[in-house]
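Just below is one structure, and these are the notes that go with it.
Read-outs: derived from the displayed coordinates by stated rules, not from any lab. Because the structure is predicted, anything quoted here is derived from the model rather than measured. Note: ideal-geometry Cβ built from the backbone for every residue, glycine included; neighbour counts use all protein chains shown.
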Amino acid sequence: MLLPAATDALQPPKGELFRIEWLKRRGNSRMMKIQNRLLPIWLTYAAAMLVLLPAVSVCAQGEPGGALPEGAAPAKAPKTSPVAPLQPSEIRITSVNPAAAPSQPVDRAAAYYHMAMAAMYEDRAVTEGRADLVNKAVDEYKLALAADSTSPHLNDGLADLYFRTGRFHDAETTARELLKTSPDDLEAHKQLGRIYLRLLSEGQNATSPSALTESALTMAIAEFEKIVALQPNSIEDRMVLGQLYTVKHEAKKAEEQFKTAQAIEPDSEDVVLNLARLYAESGDVAHAAKVIEAIPVNDRSPKMESALGAAYEQLKQPKDAIAAFQRAADMDPDDAATLDALAQALLNNDQLDDALKQYRLLADSDPENVEALVHISEIQRRQGKYADALTTIHKATQKDPKSPEAGFNEGVLLDVLGRYDEAAKVFENMVDLSSHANGAYTNEEKTNRSIFLERLGGVYQEQSKTDLAIATFQKLVELGGDSAVSGYKGQIGVYTDAKQFDKAIAVCHKAVDANPKDRDLKLILASELVDLGKADEGLTLAKGLLNNTADDRTIWVSLGQMNVRLRRWKDAEDAFDKASGLTTKKEDRINLLFLRGELAERQKHFESAEQFFRQVLELDPDSGMTLNYLGYMMADKGVRLQEALQMIRKAVQQEPTNGAYLDSLGWVYFKMGQNELAEDNLRQAVERDGSDPTVHEHLGDLYEKTGRIRLAAAQWELSLAEYAKSSPADVEPGDVAKVQKKLDNVRVKLAKQDSIAGTPRQE
């Protein structure tokens with residue numbers, strides 16, 4: 001995680017050696033420039049702080065005064081000094097207030113002498129490694145101010161030393177006192193700005209930011225507003241102010257500062273990137289992209305191109321994203337983050353060979369890069385190179401046995417290979433690794449644990465281990481929040497697949513009671529009631545959720561689906577029409593077209609159904625459910641089998657563990673007469689979706705065609721058993737009679753064979 005590393009960088013180091021080492025590293029903070037990065041907001045101004053000020057404090061605790069090291073000659077006071085320099089013990093102030101002693105005579109020679117002494121002690125603290133000399137430098141500054149209390153330069157110097165040595169309260173007091181007489185002292189305002197940035201960063205790093213953090217933010221903004229007023233052409237200060245406004249959620253003011261900075265330096269990388277980020281975080285990603293696009297291609301930096309690529313990805317412009325990342329990689333071929341972004345963009349666009357090439361470059365340049373190995377294995381799996389994928393993922397897990405990404409991909413691969421027990425073992429291990437005895441999880445830990453529990457529950461469900469699946473999804477429920485909702489949905493799915501509808505409805509009620517404002521759960525309950533034969537109750541529940549707003553779209557879609565299952569074709573069509581009037585997003589239009597295609601197919605209007613499905617594929621050529629549905633429909637009719645095969649294979653490639661897709665693939669091979677391939681896929685479909693009566697029927701048909709009628713009879717018996725347990729909504733008229741007729745015919749054949757042979761023949 002980036003967050004702990006970044007916060008650690010802002011904590012004071014412990015021990016004397018660290019304090020001295022910091023002094024050796026420090027520079028003139030007033031002359032440094034801010035280096036901005038496209039980080040989370042608080043990290044951005046924290047990154048600025050790391051340059052504007054040393055990120056660690058030096059807390060010198062030595063006694064004031066003390067002898068000089070052996071061999072060192074004491075500095076001499078200027079001969080022109082009319083009075084002897086004061087000793088530290090004579091000083092009566094802890095912070096300087098020039099207005100408090102206006103009549104005190106000014107002795108600039110003495111002030112200069114003590115300022116020189118302060119500089120000497122400070123330099124020796126650095127070169128000799130003696131933090132106690134920092135206190136001597138502070139004392140000399142105080143003596144200098146006693147000689148010239150009105151000197152802004154001395155006040156600034158003391159405040160700066162206080163700040164750099166971690167005495168922030170003294171630094172703030174000194175700067176504030178100076179501003180009473182010199183309200184436009186730029187260095188004093190900068191010192192205060194740095195102090196409040198530091199306080200703000202520490203507050204953001206805390207477990208629960210307090211009101212003090214909000215106060216520090218307000219004061220930091222006030223100081224940087226004054227700074228940019230005094231120094232209007234400072235890009236760096238305007239950048240910090242813009243970032244502070246962003247944290248304050250004052251986007252317009254932030255935009256004004258970034259645009260002003262851009263007017264001063266139009267091609268500034270930091271200005272362009274921060275302005276783009278401001279728009280992106282405001283939800284206007286298109287505007288963010290335009291900010292970078294406005295910079296001529298030849299003038300863009302690698303970071304600009306990377307940010308542009310990220311914007312294009314959010315805008316779902318994969319080709320543009322790839323081109324931007326490629327330009328960034330061409331300019332900085334050694335930047336691993338850019339190569340990774342390019343590889344991921346290629347992978348997201350299904351350019352598997354090109355993505356594999358990039359990930360191999362990353363793995364070759366860093367043999368310990370587990371993430372690159374994980375992606376290589378993922379690509380090999382998607383290419384069907386399962387043996388290579390398994391070898392690669394084992395390399396990744398050997399390098400990092402606790403890697404969530406490696407464990408997840410290993411489990412998925414074993415599941416694809418049908419090695420369910422091994423897959424379950426991997427996911428069980430990842431669940432154990434993500435477990436905390438106290439039940440307290442960070443958001444990232446909760447997300448990872450949720451993913452592993454869902455996968456493990458799914459594997460148990462595929463194995464028809466209902467009790468284990470239910471117990472696994474219960475652990476999701478116990479995580480609370482969105483995870484709990486996912487857990488309830490998982491349990492409902494398990495019970496539904498197991499044909500235990502009463503238990504599914506009981507979980508629905510429990511889920512709705514726990515989440516009374518969740519409309520999706522109420523719609524699931526309504527659908528389950530419809531499937532259980534309580535149509536009026538389910539439809540009434542769903543209709544009761546309508547509120548004459550744009551949110552009604554989801555409800556009308558669900559009502560349409562329920563009416564399709566009830567074979568109330570006109571009601572279904574009316575509901576989809578209502579949903580259509582509320583549909584504006586492309587993905588919603590695609591979904592509605594698919595549902596209209598399903599409605600037409602269920603009515604045996606095959607030409608209309610195909611037209612709807614073709615429209616979906618024009619908008620989304622990779623829609624797996626559409627490719628499968630249309631491909632199966634053509635295969636079942638025995639038409640355009642080669643095209644049907646291509647469609648279904650593409651769907652299976654996307655979801656190789658989908659039992660319905662595997663059944664479709666086996667069925668099209670069956671129709672093409674490729675019996676071995678048909679059997680291989682139909683057997684896998686039965687293993688993954690054994691509760692579907694159609695899958696058993698298809699495998700029975702294959703066995704009958706290949707002369708294994710006893711095995712055919714067994715599959716048809718299983719098909720009828722599943723039909724008997726199914727919801728009426730899942731059974732098409734005539735399906736049961738069709739399978740029963742096949743079984744009766746084959747039983748007659750078996751009886752004749754057995755009477756001739758005397759004993760049942762083994763197949």
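Extension gain, residue 506-residue 349: 0.36 nm per intervening residue step, less the Cα-Cα distance, totals 52.3 nm. Given their separation in residues at 0.36 nm each and the Cα-Cα distance between them, residue 543 and residue 731 gain 65.2 nm when the chain is fully extended. Residue ranges 539-550, 224-235, 522-533 sort as 522-533, 224-235, 539-550 when ordered by packing (mean number of other C-beta atoms within 10 Å per residue, highest first).
By the scheme Lys and Arg +1, Asp and Glu -1, what is the net charge of all other residues having a beta-carbon under 11 Å from that of residue 302? So the environment of residue 302 carries a net charge of -3. Dimensions of region 515-605 along the principal axes, based on C-alpha atoms and rounded to the nearest Å, stand at 37, 31, 17, largest first. Modelled spin labels at residue 755 and residue 176, positioned 7 Å past Cα toward Cβ, are 10.9 nm from each other.
With a Förster radius of 41 Å applied to the C-beta separation of residue 642 and residue 603, the computed FRET efficiency comes to 0.90. A dipole drawn for region 319-459 from +1 and -1 charges on Cβ atoms has a positive end, and of 416, 397, 370 the residue lying farthest that way is 416. Take the Cα of residue 567, step 7 Å toward its Cβ, do the same at residue 747, and the gap between the two points is 2.5 nm. Here the label points at residue 230 and residue 482, each 7 Å from Cα along the C-beta direction, are separated by 4.6 nm in the simple model. Please report the spacing between the Cα centers of region 129-162 and region 622-640 in Å, no decimals. For region 129-162 versus region 622-640, the Cα centre distance is 82 Å.
Here the calculated FRET efficiency for residue 365 and residue 554, from their Cβ-Cβ distance with R0 = 51 Å, stands at 0.60, rounded to the nearest 0.05.
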